[in-house]
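These notes concern the structure reproduced below.
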Amino acid sequence: MSATTLAAPLKTGQADARIGLRDHVRHTSALVRRNLLWIRQDPESMFDAVLMPIVFTLLFVYVFGGSIGQALGGGQDQYVQYVVPGMMAMMSMNIAMAVGTGFNQDFQNGIMDRFRTLPIGQGSVLFAKIVVELMRLLIATTIMMIVGVLVGFDITNWGGLFAAVGLSALFGTSIMWIFLVLGVSMKSAQSVQAMGFLVLMPLQFGSSIFAPTQSMPGWLQGFTDYNPLSSLADSARGLMVGGPVAHDLWVTVGWSVALTLVMAPIAIHKFRTKN
């Protein structure tokens with residue numbers, strides 16, 4: 001490895017340190033506009049955010065709604081009130097995975113190499129990705145709520161609904177930093193996607209998102225008790241339809257803050273130093 005290559009990360013870090021907060025915000029805004037224009041030119045990139053909430057909501061309500069609803073002491077209507085708030089947790093995880101695959105593809109296409117040669121804050125590139133994915137998450141959540149209302153979900157607490165959406169966005173942001181690390185570390189977008197599914201499937205189905213955990217085996221209940229998706233799903237459920245909130249809310253906030261504090265610096269460092 002040449003001395004020039006070794007010096008590049010240092011020069012990037014030094015340039016980053018000379019850029020003020022106002023310039024970082026300006027760079028991030030410009031990159032957000034760039035990413036939104038890219039989505040406009042490639043509307044198929046929105047298929048997951050638009051179609052996934054429709055498909056999954058209808059699938060779980062009409063396939064599992066009757067049997068799980070009876071276990072909840074009601075029927076399909078009871079299950080709708082249970083699963084729709086919980087699916088906010090699923091949306092935050094699935095949308096977060098997309099930021100990792102897209103980030104990796106930008107590296108493969110050489111786009112990120114061009115960004116790193118520009119006199120802009122390197123962290124701005126990552127923050128812009130986060131902002132755009134948050135917009136996609138809000139779109140997906142809005143569509144999910146519309147479908148949920150159409151299949152019978154009853155919104156009784158609008159303040160709780162907005163609080164649940166904000167909590168889901170906070171947790172989703174922390175997960176996005178993990179996938180940014182994977183996107184910059186792994187060799188292909190397919191590898192990022194495969195790793196994402198290996199992590200997402202146990203976390204999603206080993207939680208209280210889709211079904212109560214009381215009937216699960218003891219060892220699995222132990223896993224769900226510490227699964228942050230269970231805390232997010234239960235807190236969203238409590239905020240939107242009533243029930244205990246405080247413990248699960250603070251657990252979710254704690255997970256979100258801890259993951260962001262650990263993974264955001266790692267993601268920015270790996271982006272700066274990737275060769």
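The values are calculated or read from the model by the stated rules, or taken from the named source; none is laboratory data. On a predicted model such as this, the values are computed, not experimentally measured, just so you know. All Cβ positions, glycine included, derive from the backbone under ideal geometry; neighbour counts span all protein chains shown. Heavy atoms of the whole protein, side chains included, go into the accessibility calculation; ligands, DNA and RNA do not. Shrake-Rupley method; radii C 1.70, N 1.55, O 1.52, S 1.80 Å.
Here is a yes/no grid of residues against (1) hydroxyl-bearing (Ser, Thr, Tyr); (2) part of a helix (DSSP H, G or I); (3) out of contact with any Leu (no Cβ under 8 Å at 6 or more places or on another chain):
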| residue | (1), (2), (3) |
| --- | --- |
| 224 | yes, yes, yes |
| 239 | no, yes, no |
| 249 | no, yes, no |
| 253 | no, yes, no |
| 259 | no, yes, yes |
| 262 | no, yes, yes |
| 268 | no, yes, no |
| 271 | no, yes, no |
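Condition check: closer than 17 Å to residue 83 by Cα, surrounded by fewer than 17 Cβ atoms within 10 Å (Cβ to Cβ) and either in contact with a helix residue (DSSP H, G or I) (Cβ under 8 Å, 6 or more places away or on another chain) or basic (Lys, Arg) (or both). Does residue 238 satisfy that?
no
Out of (1) outside any loop (DSSP other than H, G, I, E, B); (2) touching a residue at least 40 places away in the same chain (Cβ under 8 Å); (3) open to solvent by less than 60 Å² (accessible area, probe 1.4 Å); (4) under 22 Å from residue 100 (Cα atoms), what's the single condition that is false for residue 120?
All conditions are met except number (1).
Scan segment 46-67 for residues that are polar (S, T, N, Q) and surrounded by 15 or more Cβ atoms within 10 Å (Cβ to Cβ) and report the count.
Final tally of qualifying residues: 1.
If you scan segment 250-266, which residues turn out to be open to solvent by 60 Å² or more (accessible area, probe 1.4 Å), modelled with pLDDT of 95 or more and not aromatic (Phe, Trp, Tyr)?
257, 261, 262
Which members of segment 88-112 meet the condition of being under 17 Å from residue 35 (Cβ atoms) and not aliphatic (A, V, I, L, M)?
100, 101, 102, 103, 104, 105, 106, 107, 108, 109, 110
Being more than 30 Å from residue 103 (Cα to Cα) and open to solvent by 40 Å² or more (accessible area, probe 1.4 Å) narrows it down to one residue among 269, 247; which is it?
247
I need every pair where a residue in segment 263-275 that is small (Gly, Ala, Ser) has its Cβ under 7 Å from the Cβ of a residue that is assigned to a helix (DSSP H, G or I), sequence separation at least 6 or different chains.
From residues that are small (Gly, Ala, Ser), the pairs are 264/177; 267/126; 267/177; 267/180; 267/181; 267/184.
With the requirement that a residue be farther than 23 Å from residue 70 by Cα and open to solvent by less than 50 Å² (accessible area, probe 1.4 Å), what does segment 208-235 give you?
Result: 222, 227, 228, 229, 231, 232.
Evaluate the following for residue 105: is it over 17 Å from residue 210 (Cβ atoms), open to solvent by 10 Å² or more (accessible area, probe 1.4 Å) and touching a helix residue (DSSP H, G or I) at 6+ places or on another chain (Cβ under 7 Å)?
Taking the combined requirement at face value, the residue satisfies it.
Inspect segment 190-201 for any residue being under 12 Å from residue 92 (Cα atoms), touching a residue at least 60 places away in the same chain (Cβ under 8 Å), part of a helix (DSSP H, G or I) and open to solvent by less than 20 Å² (accessible area, probe 1.4 Å) and give the result as yes or no.
yes
Assess whether residue 232 counts as being closer than 18 Å to residue 160 by Cβ, out of contact with any Leu (no Cβ under 6 Å at 6 or more places or on another chain) and part of a helix (DSSP H, G or I).
For residue 232, the condition - closer than 18 Å to residue 160 by Cβ, out of contact with any Leu (no Cβ under 6 Å at 6 or more places or on another chain) and part of a helix (DSSP H, G or I) - is met.
Can you find, within segment 140-155, the residue that is nearest to the chain's Cα centre (by Cα) among those that are in a helix (DSSP H, G or I) and surrounded by fewer than 16 Cβ atoms within 10 Å (Cβ to Cβ)?
Among residues in segment 140-155 that are in a helix (DSSP H, G or I) and surrounded by fewer than 16 Cβ atoms within 10 Å (Cβ to Cβ), the one nearest to the chain's Cα centre (by Cα) is 142.
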